[in-house]
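**Student:** There's a structure below that I have some questions on.
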Amino acid sequence: MKKLLTYLLTFLGLQGLTSCQVSVFENADVKSFAAFLDEDGVVLLDVRTKDEFLSGHLSGALLVDVKQPDFLASAQKVIPAGSRVAVYCQSGKRSALAAQQLAKAGFSVTNLTGGIMQWQAEQMPITLDPAEVDAFLTPSGKVLRFHALIHASIRFEYDGKEYYIDPVQELGGRIVDFSILPQADYLLVTHEHSDHFDAPLLSQLSKPETQLVTNARCAEQLGYGQVMQNGDTLKFDNGVVVEAVPAYNTTEGHLQFHPKGRDNGYILTIDGLRIYIAGDTEDIPEMSNLKNIDIALLPCNQPYTMLPEQLVNAARTIRPKVLFPYHYGDTDVTGLPDELADDGIEVRIRHYE
């Protein structure tokens, strides 16, 4: 029987595998790898070190260092179930090791032969965008990528379109080089405070066909834009639905920062995936009306938004599947994952200081 199995494996070109070693993955050259990345449901994984990643990487890549002892567990946290994985490193050797582990864990994996070195040798593009990236699968199997830029600035990639929420160039000594990022198809601004509203940058990111959504105050200052009031609903030309929801302060002495009715939070429904961007708000009663939220971004820095305990209350009210604390400045949010673990809410801490 063993000889027969060996013969069959040899015949199939799989002699290196045994009955308990099923870590099969595909190798692809640059052209095939690039074509694979254009398919739906593919998540791109860079398995090099952080320093290597920051020196240049493929656009939209998630970073998980294969040399870390918890590589597989870390990768499984950020790769959505059911997705296919494209993996690369510097030369293709480390990514082959990563591909073996991922394939053995049940993922369908394609490895870039020759790594990013071969990718660049064939004049394929890389980016220096330093953002942390998270990937989510929509119900139809398309990949939505989140890029954590700075504080309250977020970039989405979905179905070939670019979305920016509250893009700001510079804050607290941190600078985002938007010149290396794509221009926007859709822009959303929650309110006019300078850590959310950067008029010159909005102009820089805009194309003639870009759709801009904002509250009335920002539109007045810009002289253009689609105004949404709390309670309004809008459908973009690609079918994405945007709901404007309340965002305001409730604590005495803080009401002047974000008065009720002026500013927006937004809910985006993208191919059935519901994303709540809260804007600058406290844990307001209207949050109890928010249903079926998959991903929530909740702010956490008093006196302007929420204390950590308010954020916990808001999270338990909304009950998202994944929560990103954002707009948190110097507030310590590192205890939130443990505090909400028993609630079944996955908390991901990104650089949204």
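Here, each number is a calculation from the coordinates, and none is a lab measurement. Because the structure is predicted, anything quoted here is derived from the model rather than measured. With ideal geometry, Cβ positions are generated from the backbone for all residues, glycine too; neighbour counts draw on all protein chains shown.
**Student:** Treat the stretch 29-88 as a sphere of radius equal to its Kirkwood radius over Cα pairs and apply Stokes-Einstein at 37 °C in a medium of 0.692 mPa s; give the translational diffusion coefficient in µm²/s, rounded to a whole number.
**Tutor:** Answer, rounded: 271 µm²/s.
**Student:** Would you kindly state how much longer the chain becomes between Asp343 and Glu39 on full extension, computed as 0.36 nm times their sequence separation minus their alpha carbon distance, in nm to one decimal?
**Tutor:** 106.0 nm
**Student:** Using only DSSP helix segments of four residues or longer, with each worth -39500 (n - 2.57), what per-residue ellipticity at 222 nm results for the chain after dividing by its residue count and rounding to 500?
**Tutor:** The helix contribution divided over the chain gives -6000 deg cm²/dmol.
**Student:** Is the stretch 142-183 best put as rounded, prolate or oblate by its Cα gyration tensor, with a ≥ b ≥ c the root eigenvalues, rounded for a/c under 1.5, and otherwise prolate when a/b is larger than b/c, oblate when not?
**Tutor:** prolate
**Student:** I've got another one for you. With a bin width of 5 angstrom, please list the P(r) values of the stretch 86-239 as percents of all Cα-Cα pairs, from the 0 bin to the one holding the largest distance.
**Tutor:** 2, 8, 14, 16, 17, 14, 10, 8, 6, 4, 1, 0
**Student:** Right, next: For the pair Ala73/Lys207, report the inter-label distance in nm, with labels modelled 7 Å from Cα in the Cβ direction.
**Tutor:** Reported label-point gap for Ala73 and Lys207 is 4.3 nm.
**Student:** I need the Kirkwood Rh of the chain: take the reciprocal of the average 1/r across all distinct C-alpha pairs and report it in angstrom.
**Tutor:** One over the average 1/r among Cα pairs gives 21.7 Å for the chain.
**Student:** Here's another thing I want to ask about it. As an exercise, use a Förster radius of 41 Å and the Cβ-Cβ distance of Glu220 and Asn289 to find the FRET efficiency, rounded to the nearest 0.05.
**Tutor:** So, using R0 = 41 Å, E works out to roughly 0.90.
**Student:** Also, quick follow-up: For a quick size check, give me the Cα extents of the stretch 197-274 along its three principal axes, largest first, whole Å.
**Tutor:** 42, 33, 16 Å, listed from the longest principal axis down.
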